[in-house]
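Enquirer: Sharing a structure here in structure tokens format.
Any read-out appearing in this document is the output of simple, stated calculations on the displayed coordinates, not a laboratory observation. From a predicted model like this one, the values you see are computed outputs, not experimental measurements. Backbone-built Cβ (ideal geometry, glycine too); neighbour counts: all protein chains shown.
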Amino acid sequence: MSGPLLRNRWFVGSVGGTFLLLVFSLFVGFVWLPSAQEDALFKGLWNSICSAAGAPRSWLSPTSAPVTPPTKVSEVVLTPTTLDEPASGGGVGRGATLALRCTMCHGLRGVSSSQTPNLAGQYASSIYKELRDFQSGARPSAVMTPLVVKLSDQDLRDLSAYYASLPRRQTPGAQDLQAAPDIVATGAPMRNIPPCGSCHGRLDSKLGVPWLDPQPRDYLKTQLEAFAHGTRRNDTSAQMRNIARNMTPEEIDASVDYYSGTR
Amino acid sequence: MISNKRLVLAHFWLAFALFGVAVLLGEWQMFIRSPLSGWLRNADMYYRSVTAHGTVMGYVFPTLVAMGFGYFISEASLGQPLIGRRWAWAGYYMIIVGSIAAVVPVALGLDSVLYTFYPPMIGNVFYYLGVVLVVVGSWVWVALMGVNLYVWKRAHPGAPVPLAMFANVAGAYLWAWTAVGAALELLFQIIPVALGYATTINAGLSRVLFSWTLHAIVYFWLMPAYIAFYTIVPRAIGGRLYSDSMARISFALFLVFAMPIGIHHLFADPEVGSGFKVVHSIFTAMVAVPTLLTVFTICASVEIAARLRGGKGAFGWVKALPWKNPQMLALALSFVMLGFGGAGGLINMSYQLDSTIHNTQWVTGHFHLIFGGAIVIMYFAIAYDLWPHLTGRIIQDARLVRTQLWLWFIGMIVLTFPWHYAGLLGMPRRMAFYDYTAPGMFAEGVSVVMSVIGGALLVLSALIFIAVLVRNHWATRVEPETFTFSRAVHEPVSLPWALNGLGLWVALMIALTITNYGYPIVQLMRMHEANVPPVFVGGKP
């Protein structure tokens, strides 16, 4: 290269051309197109530039107060680390003592002989979420709510840790997805129903979602129908309500039979 | 004289072996979600396969081809032995180790996150570390290409850099810079979470960083094909390159405009402002300039060859072209696929029109037509041209070679045209099965079956390709002529500094990255409320 850079036609041509293109596209994207929008909330040049840049601002002034839900909704926020905090004097042992009050229905070691759920080996995050919802009334229950209403958050964490530590008793052959009903293995894509197994295990597991095999048949069926009728509402973003509502009675029976081991 | 034949062959063979496996996975995926197969009982098998197919085809295969071809070009065009041959082997072994580290957890179902990572999904850390190792291995190549050119320029002050090496190093620098986006995403967002050092991830920022890589990587894949257009095909068909300068300008423009356009992959993403989407859309349109320059220059070069062979008339010269020459055939088929793929791409890059096909099968059809079609068919052509020089043996099966190229072309058209159509009908992508019994889904089912047939032709073509290369190793020995690249009509005697080095264009590439990506990245980095917990894949909740 010879001579000063600004006199060089290659430099001036390439850098100048690119710069002009940039200015043109910035003008189109940040000024021209936004100004063509009939949007009462974006008036003025600076406003349109900020909005086109994606600068976060509370530009939508609230016109009415948020609607208060008629029933209590779940306030539990689960993250992979929610239950990670070190137990302050608590833990599995303390949970075992607290669990004495649960044995009448959930069995001596978390395996139920009645129609209540098996808790032995259930994910701690799932037990903890349900206990919190029983406590707050997001999942109303004449039996569970009085039993947990006075427990502290640490009590709930310890109980969850205790039950999660017990050995899970699985139905032999339940691993076999080939034998599972369609609703469990594939769902029904045209009715927006994902496979049960994509959250409840076998295909994949999601945080806060319990495994279901084996759980008592009556319990599973009652809960699915409660979701379908909207009488149980503590599922995050109404996921289970939307699924159960779209399931046929045959699909409900098939999934319940599969998970309860009464195939 | 090529002294690093083993190195080049090792790269090509690993690339084509992995390609052969990944083609089978692709066809299995097409079949399993077609009406010809029942629904998969375990959809994760599909996502494992897609992850492996994408990782091999997107990261490993084209990178190895570019590297092997690059090492070849360095020696053949500069006429000097490769500097840093041990480093080159070290990079090669890094890619092997990285590929194994990545693919094993994918096969075990621990990393069904697809090759585009999709945070906040997080899988087993070995997959990400494997990908990083592949990229680091390729950066060794980038450095070696820069060093080899630098040493040559010091020894030949003022001499024009051979076009093939100019383009090769442009591709290397493009890759070095474009890989930075995904590297930042992996190192600062995904791997800390996968290792347990962080508990949240900024999915929006991760996506913007990945888009930095996601589009320019396509032009990195494209570089070997374009180098073949300019520096192999005109020589192979007995013609001359129409314009050396036009070639250099095209490669320089690819370097500048490939980078600041990736946000066109995020048109539906709420975390990026609409203004930047418009800017990226306009810059994407600029890529048409080097593409059309190339089409013009190569057509002109081909016409020169035809007229030298006695071709006459405004269009009559087309008949005089050596259509039996695999290079001529591959070029023509590649251009047809590039034309259709590019036309479809105009829809994808338009901020408004994209919404009609966003996340549909159209998009998968598009990138298979461009990459799998227009680019990979030129990878085949490169292999056919280089192989006798690498093995010292002739390729005997000229007819088989032509059959293979035709099969690849027909297979790719039959695969991707119905694929585009299914997308227009609204068929979403990334699904393991579809309910074809539903009303209105019949047409989609028919088009998917056609794609399965196209895919089968591609599998057949890939098998023939590998068979031809394998057979060559036992063919008659010959002493090949010295390898040459195309000569231009007017061979450069002295070049303006801008066309004899890449400094100006690399500077423009970096400057445009800052103007077009700087604000969105800084803004998202400062938005801590956008951090969300990861969704772990393939493990316990």
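Enquirer: If Rh is defined by the Kirkwood formula over all Cα pairs and Rg also comes from Cα, what ratio Rg/Rh do you get for the protein assembly as shown? It would help to have the intermediate numbers written out before the result.
Expert: On the way: Rg = 30.3 Å, Rh = 29.5 Å.
Here the Rg-to-Rh quotient is 1.02.
Enquirer: Next question. Return the whole-Å distance between the Cα centroid of region B:87-139 and the Cα centroid of region B:272-334.
Expert: 36
Enquirer: Turning to a different aspect of this structure: Over region A:92-165, with a single point scatterer placed on each C-alpha, what log10 of the ratio I(q)/I(0) does the Debye formula yield at q = 0.16, 0.21 1/Å?
Expert: Scattering profile of region A:92-165, log10 relative to I(0): -0.48, -0.88.
Enquirer: Beta carbons within 10 angstrom, averaged per residue: use that to sort the peptides B:71-80, A:243-252, B:526-535, B:290-299, highest first.
Expert: Values: B:71-80: 22.6, A:243-252: 16.8, B:526-535: 14.4, B:290-299: 18.4.
The densest-packed peptide leads the list: B:71-80, B:290-299, A:243-252, B:526-535.
Enquirer: Farthest toward the dipole's positive end in chain B, which of B:F380, B:G26, B:H420, given Cβ charges of +1 (Lys, Arg) and -1 (Asp, Glu) about the Cα centre?
Expert: B:F380
Enquirer: Could you please state, rounded to a whole Å, how far the C-alpha centre of region B:362-384 is from the C-alpha centre of region A:105-141?
Expert: 55
Enquirer: Might you report the magnitude of the Cβ-based charge dipole of chain B about its Cα centre, with Lys and Arg at +1 and Asp and Glu at -1, to the nearest 20 debye?
Expert: Numbers: 29 positive and 18 negative charges, 246 e Å.
Using Cβ point charges on Lys, Arg, Asp and Glu, chain B gives about 1180 debye.
Enquirer: Sequence neighbours fewer than 8 away in the same chain don't count; with that in mind, list the lysines whose C-alpha is under 25 Å from B:K153.
Expert: Counting by Cα, and skipping residues close in sequence, B:K153 has these lysines nearby: B:K5.
Enquirer: If each residue's Cβ is checked for other Cβ atoms within 10 Å, how do A:C196, A:C105 rank with the fewest at the top?
Expert: Numbers: A:C196 26, A:C105 16.
Starting with the residue having the fewest Cβ neighbours, the order is A:C105, A:C196.
Enquirer: I've got another one for you. Using a 10 Å cut-off on Cβ atoms, rank the peptides B:218-227, B:4-13, A:214-223 from the highest mean neighbour count down.
Expert: Details: B:218-227: 24.2, B:4-13: 19.6, A:214-223: 18.0.
Order by mean packing, descending: B:218-227, B:4-13, A:214-223.
Enquirer: Tell me, in nm to one decimal, what length is gained between A:V77 and A:R169 on full extension, where the rule is 0.36 nm per residue of separation less the Cα-Cα distance? Don't skip to the end; give the middle numbers.
Expert: Values: separation 92, 0.36 × 92 = 33.12 nm, distance 2.86 nm.
Length difference between fully extended and current span is 30.3 nm.
Enquirer: Which trypsin sites (Lys or Arg not before Pro) in region B:410-483 pass both tests, a DSSP loop state and at most 10 other beta-carbon atoms within 10 Å?
Expert: Details: sites: B:R429, B:R430, B:R471, B:R477; in loops: B:R429, B:R430.
Within region B:410-483, no trypsin sites (Lys or Arg not before Pro) qualify (loop, at most 10 other Cβ atoms within 10 Å).
Enquirer: Sticking with this structure for a sec: I want to verify the translational diffusion coefficient of chain B in µm²/s; compute it with Stokes-Einstein, Rh as the Kirkwood radius over Cα pairs, at 10 °C and 1.306 mPa s.
Expert: Values: Rh = 23.9 Å.
Once the numbers are plugged in, D ends up at 66 µm²/s.
Enquirer: Would any residue of region B:26-66 have its amide N under 11 Å from a label point 7 Å out along Cα→Cβ of B:L425? List them or say none.
Expert: Those under the cut-off are B:35.
Enquirer: How many nm separate the modelled label positions at B:W87 and B:H473, each set 7 Å beyond the Cα in the direction of the Cβ?
Expert: Inter-label distance under the simple model: 3.0 nm.
Enquirer: So, in nm, how far is label A:D84 from label A:R245 when the simple model puts each one 7 Å beyond its Cα toward the Cβ?
Expert: Going by the 7 Å Cα→Cβ label model, 3.6 nm.
Enquirer: For the charge dipole of region B:220-311, defined by +1 on Lys and Arg C-beta atoms and -1 on Asp and Glu C-beta atoms about the Cα centroid, which residue among B:P224, B:T297, B:Y242 has the Cα displaced farthest towards the positive pole?
Expert: Checking the options against the dipole of region B:220-311, the answer is B:Y242.
Enquirer: Counting Lys +1, Arg +1, Asp -1, Glu -1, what net charge surrounds B:P326 among other residues with beta carbon under 13 Å of its beta carbon?
Expert: Spelling it out: positives minus negatives among the neighbours equals +1.
Enquirer: Under a 10 Å cutoff between Cα atoms, tell me which one of A:L203, A:L21, A:L159 has the largest fluctuation in the Gaussian network model of chain A.
Expert: Among A:L203, A:L21, A:L159, the largest mean-square fluctuation in the Gaussian network model of chain A belongs to A:L21.
Enquirer: Roughly how many Å is it from the Cα centre of region B:387-416 to that of region B:439-500, as a whole number?
Expert: Between the Cα centre of region B:387-416 and that of region B:439-500, the gap is 7 Å.
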